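Right, one structure below, let's go through it.
Nothing in this text is a laboratory measurement; each read-out follows from the coordinates by a stated rule. A quick note: this is a predicted structure, and the numbers were derived from the prediction, not measured. Reconstructed Cβ throughout: ideal geometry from the backbone, glycine too, with neighbour counts over all protein chains shown.
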Amino acid sequence: MSALFAFAAALLGIGLCAALIRGRLAALRRQCLEALARTDAALRRRHDIVATLGEAARQHLPQGPQADETLAELSGARTAASAAARAAGHGEPLALRELVRAEERLDILLTRLRALARPEPDQTPPANLGGLFLELDDAAHQVALARLAYNEAARAYNACRHGFPAVLLAGAFGYEDAPALEFGGTLFHAPKGPCRSGGCRAQP
């Protein structure tokens with residue numbers, strides 16, 4: 001009888017440990033998804049500014065094949081980046097990689113647009129274009145901070161998942177690794193030092 005009680009107590013202890021592990025993983029995974037949702041919100045703001053910037057550029061940039069081609073490609077890249085951000089909301093690795101590619105493509109076109117909008121030495125740039133580019137820089141800063149917070153949450157979750165005894169049960173519970181969100185170059189890298197709204201450029 002005592003052996004039976006000991007066996008039952010052992011099963012109860014294992015079940016309780018498994019439940020605690022599952023609860024901890026669920027809480028950390030939820031923090032990852034919440035941080036990813038904040039990143040998505042920051043990206044949506046960036047995409048809205050890009051749309052406004054594209055419309056303003058059509059009005060103020062000199063007409064020509066280069067400007068028309070850049071603005072057309074920018075519009076398509078902005079649409080693709082918005083769709084990729086929506087698809088990445090659940091944190092799947094393939095969707096996050098597609099998001100990275102879409103945002104990097106969008107940044108290339110924004111760099112080209114900046115060059116086209118740069119005035120000649122004897123000209124004054126349109127005030128609204130300059131203001132929108134500053135808003136875009138500030139939006140990139142907010143994305144950088146949100147991305148950093150997500151990666152910190154992902155590291156905490158992955159550390160728990162690979163720790164003992166969680167590593168024995170995480171796969172059975174359906175908890176896979178949370179991928180980091182990394183962008184190439186200086187895109188969305190957290191700035192060094194203080195940053196004031198509108199005038200911050202991201203640093204690697």
| request: Net charge near Leu96: determine it from the other residues with C-beta under 14 Å of the C-beta of Leu96, scoring Lys and Arg +1 and Asp and Glu -1. | output: -4
| message | Please give me the summed charge of the neighbours of Ile49: other residues whose Cβ is under 14 Å from its Cβ, Lys and Arg +1, Asp and Glu -1. | response | -2
| task | Please give the direction-averaged projected area of the C-alpha convex hull for region 29-173, in square nanometres with one decimal. | result | 9.5
| task | Based on other C-beta atoms within 10 Å, arrange Val143, Val100 from fewest to most. | result | Val100, Val143
| remark: Scoring only Lys, Arg, Asp and Glu (+1, +1, -1, -1) among other residues with Cβ under 10 Å from the Cβ of Ala166 yields +3
| field | Neighbour-count order for Ser2, Ser82, fewest beta carbons within 10 angstrom listed first | value | Ser2, Ser82
| remark: Cα extents of region 47-116 along the principal axes, largest first, in whole Å, come to 42, 17, 15
| task | State to the nearest 20 debye the size of the charge dipole of region 29-173 about its Cα centre, where the only charges are +1 on K and R beta carbons and -1 on D and E beta carbons. | result | 680
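Sort Cys32, Cys160, Cys17 by Cβ crowding within 10 Å, fewest neighbours at the top.
Going from least to most buried by this count: Cys17, Cys160, Cys32.
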